[in-house]
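Written below as structure tokens is the structure these notes are about.
The values are calculated or read from the model by the stated rules, or taken from the named source; none is laboratory data. Computed from a predicted model, the values in this text were never measured in an experiment. For neighbour counting, all protein chains shown are included, and Cβ atoms are generated from backbone atoms with ideal geometry for every residue, glycine included. To get the accessible areas, we keep the full protein, side chains included, count just its heavy atoms, and leave off ligands, DNA and RNA. Shrake-Rupley method; radii C 1.70, N 1.55, O 1.52, S 1.80 Å.
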Amino acid sequence: MNDKDFITIALPKGKLFGLSADLLAKVGWSAEGLTEKSRKLIISNDEARLKFIITKTADVPTYVEYGAADIGIIGKDVILESGKDVYELLDLGFGKCHLMMAVPKDKKRPRLEDYAHTRVATKFPHIAEKFFAAQGMQMEYIKLNGSIELGPIVGLSESIVDIVETGTTLRENNLEEIVTIMNATARLIANRVSYKLKFERINTLVNDLSKILHG
Ligand code: PRP
């Protein structure tokens, strides 16, 4: 059996991993030893002709765009930020969060425009730039890879553009949301060529998942 008989699935480490693996297992797409902590980089289920790869969140669209993974599960926010050309098959509903701009409570300015030309720390510079450009605002973007909330606390930036899920991180760091940029949920994505070549299996997956998600 060669690779073209297998479907390779990219799953992100972190908050979406468990929910994604659980959902796929419900439709029989699973593999022994598929855990986030696995040191093995590829976890296969030869009988079901499946291969799972576990990657950094931001890398899932890259693996899928290049066809190194046929399909993947990842947040809408990460898809948009990546700018990768992938086929979005299904909104999975979980991983609900929103991308927003926040500032320290005690340094709040009256209007959004008052932040023009200030520095914003973010993991999402492309989405942020598009948003602020649409408001006619030019900003200075400082790309961080995690713990974005630190930015304004240590004086690296005036504000942050980041994901909020429960709001706990904002609250614990005395930050206040001043504008929502977009809402996001996890999506099932596919490589455009794989979707055509492996249509039957991928389409069956989409139908099976839809049934579970919609009742
Ligand atoms: C995300 C995000 C916020 C936090 C928001 O970070 O960047 O920091 O979750 O969640 P909350 O509203 O429930 O507090 P993540 O945990 O992915 O880690 P990171 O900041 O290191 O990327």
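Considering only residues that are in contact (Cβ under 8 Å) with a residue 24 or more places away in the chain and either under 17 Å from Y66 (Cβ atoms) or in contact with a Phe, Trp or Tyr (Cβ under 8 Å, 6 or more places away or on another chain) (or both), which ones fall in the range 184-202? Break it down into steps so the answer makes sense when it comes.
Taking the range 184-202 as the starting set, the residues that turn out to be in contact (Cβ under 8 Å) with a residue 24 or more places away in the chain are 184-195, 197-198, 201-202.
Those that are in contact (Cβ under 8 Å) with a residue 24 or more places away in the chain and either under 17 Å from Y66 (Cβ atoms) or in contact with a Phe, Trp or Tyr (Cβ under 8 Å, 6 or more places away or on another chain) (or both): T185, A186, I189, A190, N191, R192, V193, S194, Y195, L197, K198, I202.
A quick yes/no check of all residues on (1) within 16 Å of the ligand (Cβ to nearest atom); (2) under 24 Å from K84 (Cα atoms); (3) without any contact (Cβ under 8 Å) to a residue 12 or more places away in the chain; (4) in the same structural domain as I74 (by TED's automatic domain parsing):
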position: F131; (1), (2), (3), (4): no, yes, no, no
position: E140; (1), (2), (3), (4): no, yes, no, no
position: K143; (1), (2), (3), (4): yes, yes, no, no
position: P152; (1), (2), (3), (4): yes, no, no, no
position: E158; (1), (2), (3), (4): no, no, no, no
position: D162; (1), (2), (3), (4): yes, yes, no, no
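Taking the range 1-21 as the range and being of a type in the set (S, T, N, Q) and surrounded by fewer than 21 Cβ atoms within 10 Å (Cβ to Cβ) as the test, only N2 passes.
Could you say whether any residue in the range 15-27 is closer than 21 Å to E165 by Cα and either modelled with pLDDT under 95 or outside the structural domain of L205 (by TED's automatic domain parsing) (or both)? There is at least one residue in the range 15-27 that is closer than 21 Å to E165 by Cα and either modelled with pLDDT under 95 or outside the structural domain of L205 (by TED's automatic domain parsing) (or both). Scoring E113 on the criteria (1) open to solvent by 90 Å² or more (accessible area, probe 1.4 Å); (2) free of Cβ contacts under 8 Å to residues at least 24 places away in the same chain; (3) not basic (K, R); (4) not assigned by TED's automatic domain parsing to the domain that holds L80 leaves a single failure, condition (2). The single condition among (1) farther than 20 Å from T204 by Cα; (2) open to solvent by less than 60 Å² (accessible area, probe 1.4 Å) that V86 does not meet is (1). Here G75, G83 are screened, and the one residue that is out of contact with any strand residue (DSSP E or B) (no Cβ under 9 Å at 6 or more places or on another chain), in contact (Cβ under 8 Å) with a residue 24 or more places away in the chain and not hydroxyl-bearing (S, T, Y) is G83.
Anything in the range 132-168 that is farther than 14 Å from M182 by Cα, open to solvent by less than 20 Å² (accessible area, probe 1.4 Å) and in a helix (DSSP H, G or I)? List them, or say none. Steps first, please.
Of all residues in the range 132-168, those farther than 14 Å from M182 by Cα come to 133, 135-160, 166-168.
With the extra rule that they be open to solvent by less than 20 Å² (accessible area, probe 1.4 Å), the set shrinks to 137, 148, 151-152, 157, 159-160, 167.
The answer is G151, P152.
Scoring R171 on the criteria (1) within 11 Å of the ligand (Cβ to nearest atom); (2) outside any strand (DSSP E or B); (3) within 23 Å of P61 (Cβ to Cβ) leaves a single failure, condition (3). Restricting K51, K40, K76 to residues that are modelled with pLDDT under 95 and either of a type outside the set (A, V, I, L, M, F, W, C) or open to solvent by less than 50 Å² (accessible area, probe 1.4 Å) (or both) narrows the list to K40. If only one of E176, E129, E200 is surrounded by fewer than 20 Cβ atoms within 10 Å (Cβ to Cβ) and either in a strand (DSSP E or B) or among the aliphatic types (A, V, I, L, M) (or both), which one is it? On inspection, the qualifying residue turns out to be E176.
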